[in-house]
Every structure is written in C-alpha cells, then in structure tokens.
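Single-structure report; data block below.
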Amino acid sequence: MSAGRSLRLGVLGSGKGSNLSAIFHAIRERQLPAEVRIVVSDVAEAGILEIARAQGVRAEYVPPGDNFRARLSPESEERIVELLRESGVDLVVLAGFMRIVGAPLLAAFPRRIINIHPSLLPRHRGLHAWRQALEAGDSTAGCTVHYVDAGVDTGEIIAQSEVEVLPDDTAESLHARIQVAEHALYPEVIAGLARDRSFAE
C-alpha cells in the first residue's frame, strides 16, 4: 500500500451488517484509514447490502450455488474473487459471512483475509460460540480477530477482546455484549493492518 493511500477493503457478509456499520463509523471518525470498495453477500436480502448501498458503496449479491451449504460453489467463489479484484481490494474482511472460505479466495488473497469470531479462540469454534461458552460454564467469553485459513476458525490469531460472563447471562445477553466488543475491536485491528507495510504495492 502506497504511503498516502487508504487501505481498500472488500467486505463479505451474510447478515445484518453490524460490524460493517462499525467499520463505516470508524472511517467517518478518522479512526480507520481505509475505504470500503465493495460489499458482497451470499444472501440476496441481507441487511449488509443495504448498509453498503446507503453509504454509496458497491453492493453485490452472489448466489451460493445449488447443493452447497457450508461452502460456496467453486464458480460462486471465483465470481467473488473477480469482483474483489475489479475493486482493487487490499484486504478481505469477513463480517458475519456464514460460509467456509475455499481455495479460490485463499489463493487470490493469501494472508489478506480476516474474520471476527465471537469467542476467545481456540475455544468454541463454529456456530453459536457464545452459547457454547455458557454451556461450558466459562467465566469469560469474548471475540477474536484472526487470519482465515482452510479450517473453521483455525487461522492465526491477531487480537482478542474479553467479555465477562455474568451469573444471570442468557445466550442473548452475552451475545449482545460480545457484539459491542466486536464493534470496537474489528476497526481497531483493521487500522493496525492499514499501517502495516506488508500491504505495500
């Protein structure tokens, strides 16, 4: 990344887009020297696409492909790679993207895909990690930003934020507090990567 240029982000998400909103907020507040170039979703009506459009950012729906549940079809993933490359993306940010990233994306953006997961990895990988923390009787939960690899929430950890588990917590209340931590941590980590000269062109 050249010296005066903002880090160019491509965001992939499947849901409401609260982490994307936090990223946009950090950019507006000049806490994050980045720009979102494109947002892509595997869900046509995902709220994350509406958030992107409201900010004047390109928003694209890519169908996941027939008979693919946890993953995208290879053709769909190649289409996402094409869109990200067209947009000149430096870093791919997963924000509630409910698919396991496959070989096409990993090969196109080596060590340039990050994810935020709602647990203190390596504990509680996979779905509903906050519920897993409650069921395990953990005293602390939280969130982790990590590089994405071929596994499920197995990539190298970049940063974590802890959240205390309260005696009267429900899955919903704990998840809500973890999301608050996510919205602070994710932009902070991306800002650190924006200052990282390994993104130099």
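The values are calculated or read from the model by the stated rules, or taken from the named source; none is laboratory data. All figures in this text were calculated on a predicted structure; none of them were measured in a lab. Reconstructed Cβ throughout: ideal geometry from the backbone, glycine too, with neighbour counts over all protein chains shown.
Considering the stretch 34-53 alone, what residues qualify as being acidic (Asp, Glu) and within 19 Å of TYR186 (Cα to Cα)? Before you say what the answer is, go through the steps one by one.
At the first step, the residues of the stretch 34-53 found to be acidic (Asp, Glu) are 35, 42, 45, 50.
Matches in the stretch 34-53: GLU35 only.
So which residues in the stretch 1-39 are under 25 Å from LEU106 (Cα atoms), among the aliphatic types (A, V, I, L, M) and either at pLDDT below 95 or in contact with a strand residue (DSSP E or B) (Cβ under 6 Å, 6 or more places away or on another chain) (or both), if there are any at all?
Answer for the stretch 1-39, where residues must be under 25 Å from LEU106 (Cα atoms), among the aliphatic types (A, V, I, L, M) and either at pLDDT below 95 or in contact with a strand residue (DSSP E or B) (Cβ under 6 Å, 6 or more places away or on another chain) (or both): MET1, LEU7, LEU9, VAL11, LEU12, LEU20, ALA34, VAL36, ILE38, VAL39.
Could you tell me whether the stretch 66-76 includes any residue that is buried (at least 22 other Cβ atoms within 10 Å of the Cβ), in a loop (DSSP other than H, G, I, E, B) and either in contact with a helix residue (DSSP H, G or I) (Cβ under 9 Å, 6 or more places away or on another chain) or touching a residue at least 40 places away in the same chain (Cβ under 8 Å) (or both)?
So far as the stretch 66-76 goes, yes, one or more of its residues are buried (at least 22 other Cβ atoms within 10 Å of the Cβ), in a loop (DSSP other than H, G, I, E, B) and either in contact with a helix residue (DSSP H, G or I) (Cβ under 9 Å, 6 or more places away or on another chain) or touching a residue at least 40 places away in the same chain (Cβ under 8 Å) (or both).
Tell me the residue from ARG99, ARG79, ARG85, ARG58 that is crowded, with 19+ Cβ neighbours inside 10 Å and either free of Cβ contacts under 8 Å to residues at least 24 places away in the same chain or out of contact with any Gly (no Cβ under 6 Å at 6 or more places or on another chain) (or both), please.
ARG99 is the lone residue from the list that is crowded, with 19+ Cβ neighbours inside 10 Å and either free of Cβ contacts under 8 Å to residues at least 24 places away in the same chain or out of contact with any Gly (no Cβ under 6 Å at 6 or more places or on another chain) (or both).
Applying the selection to the stretch 31-53, what residues are among the polar types (S, T, N, Q) and under 14 Å from the mean Cα position of the chain (by Cα)?
Correct list: SER41 only.
For the list (1) among the hydroxyl-bearing types (Ser, Thr, Tyr); (2) under 24 Å from GLY10 (Cβ atoms); (3) surrounded by fewer than 18 Cβ atoms within 10 Å (Cβ to Cβ), I need the number of the one condition that SER161 fails.
(3)
Could you check the stretch 1-61 for strands (runs of 3 or more DSSP E) lying wholly inside it with 1 or more residues that are among the polar types (S, T, N, Q) and under 19 Å from ILE113 (Cα atoms)?
In the stretch 1-61, the matching strands (runs of 3 or more DSSP E) lie at 34-41.
Identify, by number, the condition in (1) touching a helix residue (DSSP H, G or I) at 6+ places or on another chain (Cβ under 9 Å); (2) in contact (Cβ under 8 Å) with a residue 12 or more places away in the chain that ALA107 doesn't meet.
That leaves (2) as the condition not met.
Within the stretch 54-72, can you find the residues that are within 18 Å of the chain's Cα centre (by Cα), closer than 18 Å to ALA103 by Cα and not charged (D, E, K, R)?
Selection gives VAL62, PRO64, ALA70, LEU72.
Is there any pair with a first residue in the stretch 171-189 that is farther than 14 Å from GLY17 by Cα and a second that is among the aromatic types (Phe, Trp, Tyr) and buried (at least 19 other Cβ atoms within 10 Å of the Cβ) whose Cβ atoms are under 8 Å apart and which are 6 or more apart or on different chains, and what are they?
Short answer, once both residue conditions are applied: ALA171/TRP130; LEU174/TRP130; HIS175/TRP130; ILE178/TRP130.
Matching residues to (1) over 22 Å from ILE48 (Cα atoms); (2) at pLDDT below 95; (3) hydroxyl-bearing (Ser, Thr, Tyr):
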{"position": "ILE100", "(1), (2), (3)": "no, yes, no"}
{"position": "LEU106", "(1), (2), (3)": "yes, no, no"}
{"position": "ILE116", "(1), (2), (3)": "no, no, no"}
{"position": "LEU120", "(1), (2), (3)": "yes, no, no"}
{"position": "GLY126", "(1), (2), (3)": "no, yes, no"}
{"position": "GLN132", "(1), (2), (3)": "yes, no, no"}
{"position": "ALA136", "(1), (2), (3)": "yes, no, no"}
{"position": "ALA141", "(1), (2), (3)": "yes, no, no"}
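For the stretch 107-124, enumerate the residues that are surrounded by fewer than 18 Cβ atoms within 10 Å (Cβ to Cβ) and either closer than 22 Å to PRO74 by Cβ or within 15 Å of the chain's Cα centre (by Cα) (or both).
Correct list: ALA107, PRO110, ARG111.
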